[in-house]
Structures are given as structure tokens and as C-alpha cells.
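Here's the structure we're looking at; comments come further down.
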Amino acid sequence: MEKDCSNESQDRTWHTSVAGPEDGHIVLLVHGFPLSKRLWDQIIGPLGDAGYRVIAPDLRGFGDSEPASAFSLGDLAGDLQCVLRDVGQWDGRRRVTYIGLSMGGYIAFEFYRRFGHQLHSLVLMDTRAEADTPEAAEGRRAAAQKVLDTGHAGLVADDMLDKLFGPSASPALKQEWYDIMSGTSPITVAAALCAMADRPDSYSMLPSISCPTLVMVGRDDAITPPEGAGHMQQAIGSNANLCVIETSGHMTPVEQPEACANALISWLESL
């Protein structure tokens, strides 16, 4: 059974979707930018039905969360530990599986740096380990300032929409996510853009990732292409597997939800 819930902690409210038995292995689903926990709507149920305790939060400032400013990806990683504790009744002794898409993958590297000993396994979905180039970082900061100046988060949605989806995505699906992205607080969008621009390079840490890792990517992902995902899997080493989802762009959980869920469950059951 799937449900939405909210918990208050440290003057912050966590808006979270949960599913599956309370004593099941914890699977944490972390959405990308500028999205929400709705990214996982068609993944939560199958994982819960397979016996996993699934926790999918809205990150600080996104979805149903209050607008937020001036945070780092490390701050978001710390938030996720609070979510696990407050929503998942997690005591730190049960290791968890972290599944992160795009920016959720960037946060995964921060989570691993801080709490890697608490991870059972890791899924890096439609993401990359490299830091932004100086030009890309400056572009993010310029976009952040433009969003703040205009008060219109839709500027980012306008720029990102066609890059997010593969060629087979329906206009209705694109419109649904355009509306979600445009509805994000401009303050949050700007803060997240700056946080991503400031993130450190994580490629050099890939060989140190010791937990079982799945690198998943859409065949038609134009933002983080399969070639880069393959390099990431090779850099992690023998404990990593690569899964390419056909007929999908960067938004694998909504473009090909059945294939995505089946691949995740199959991999988790193999561990």
C-alpha cells in the first residue's frame, strides 16, 4: 500500500511517499532537478509490492516542500538522513539502497562521502560523476540570476524540456512535467542551480565505491548519454553493473516505468 505523509523535524516538514512493509529493506528514491517525488509515482508501487520499504521524499524546496534558498548538495544529503530517521524510523543500523536520478545522483555522491558505511547498494540513474566545466557552471549561475530577476522558474523548464525526454515521449507527458517544473519556486530553482554549479568532481572517487552499484541510463538520454554511463560503471569496477533502458531519454522512471521498475527489482533481488 502506498501513501503520502509529512513529518516535521528541525523546523522542516518532509513530504514523502512511502510504500511496502515497515520491516522491508529500505529503498530511498531521490528525484532530480527541478522535479519532485512524483518522478517515482509508477516505481514506488512495484518496489513496495516486491517487499521493499520505499521512501520517496520531495527534496528541500521542491514539490510540496516550502521554498528554500542557499543550500548545498551536502545539505540535501543531510536532509535525506533526517528523512530516513523521521519517516523510515531508521536507526542507522539497517543499511539502505539509494536510488538517485540526475541531481539525485549528484547528491548520492555527497551521501556516499558522508554516510557511505550506511549504504547497502547504490543506483546511479541518468546522471554523471564529473563536475561542471567552468563554462557550464557559469551558465548555471547566469540562469539562476535570470530566474531570480524575472521570478519565473519556467525559463529553466523552457530550456530543459526537450533535452529531458526521448523522441518517443508524448506531448501530454512533456506538458505534465513542464507544469511541475514551472511550478517550482524561483528561489529554490536558483539555489539548486548554484548548488550544482558548486559541486565537486566525483569521478575520482568512483573506484572507492565498494557497495553493489547499478548504473542505469536511457538509450536516448541526451543529457547524460549511455557512453558516459558506461565509463562510470567501468570506473567503479567489478561491483558495478550497467543497465540501458531502451526507448527512454533522461526521464527513465516516467518514460519507461515498467522496464525501469523491473530492472531495479531484478537487480535488487540478485544481491
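Derivation of every value follows stated rules applied to the coordinates shown; laboratory data play no part. Since the structure is predicted, the reported quantities are computational estimates derived from the model, not experimental observations. Backbone-built Cβ (ideal geometry, glycine too); neighbour counts: all protein chains shown.
Brief remarks on what is shown
- Here the sum of -39500 (n - 2.57) over DSSP H runs of 4 or more residues, divided by the residues of the chain, equals -13500 deg cm²/dmol at 222 nm, to the nearest 500.
- For the stretch 164-271, average projected area of the Cα convex hull in nm²: 7.9 nm²
- Temperature 10 °C, viscosity 1.306 mPa s: under these conditions the Stokes-Einstein estimate for the stretch 113-189, based on its Kirkwood radius over C-alpha pairs, is 106 µm² per second.
- Stokes-Einstein diffusion coefficient of the chain, Kirkwood radius over Cα pairs, 20 °C, 1.002 mPa s, in µm²/s: 117 µm²/s
- Contour excess over end-to-end distance, with Cα ends at A70 and T150 and 0.36 nm allotted per residue: 27.0 nm
- Taking the three principal axes of the alpha carbon atoms in the stretch 208-250, the coordinate ranges are 30, 13, 11 Å, sorted in descending order.
- Förster radius 41 Å - calculated FRET efficiency between E22 and S238 (Cβ-Cβ, nearest 0.05): 0.75
- Dividing the mean sequence gap of close Cα pairs (under 8 Å, 6+ apart) by how many residues the chain holds gives a relative contact order of 19 percent.
- Per-peptide average of other Cβ atoms within 10 Å, ordering 212-223, 87-98 highest first: 212-223, 87-98
- DSSP bridge orientation in the chain - percent antiparallel, rounded to nearest 5: 35 percent
- Relative contact order %, the stretch 152-233, counting alpha carbon pairs below 8 Å whose residues are six or more apart: 35 percent
- Arranged from fewest to most other beta-carbon atoms within 10 Å of their beta carbon, K37, K163 become K163, K37.
- Remark: the K163-H117 segment gains 13.1 nm on full extension, using 0.36 nm per residue and subtracting the alpha carbon distance.
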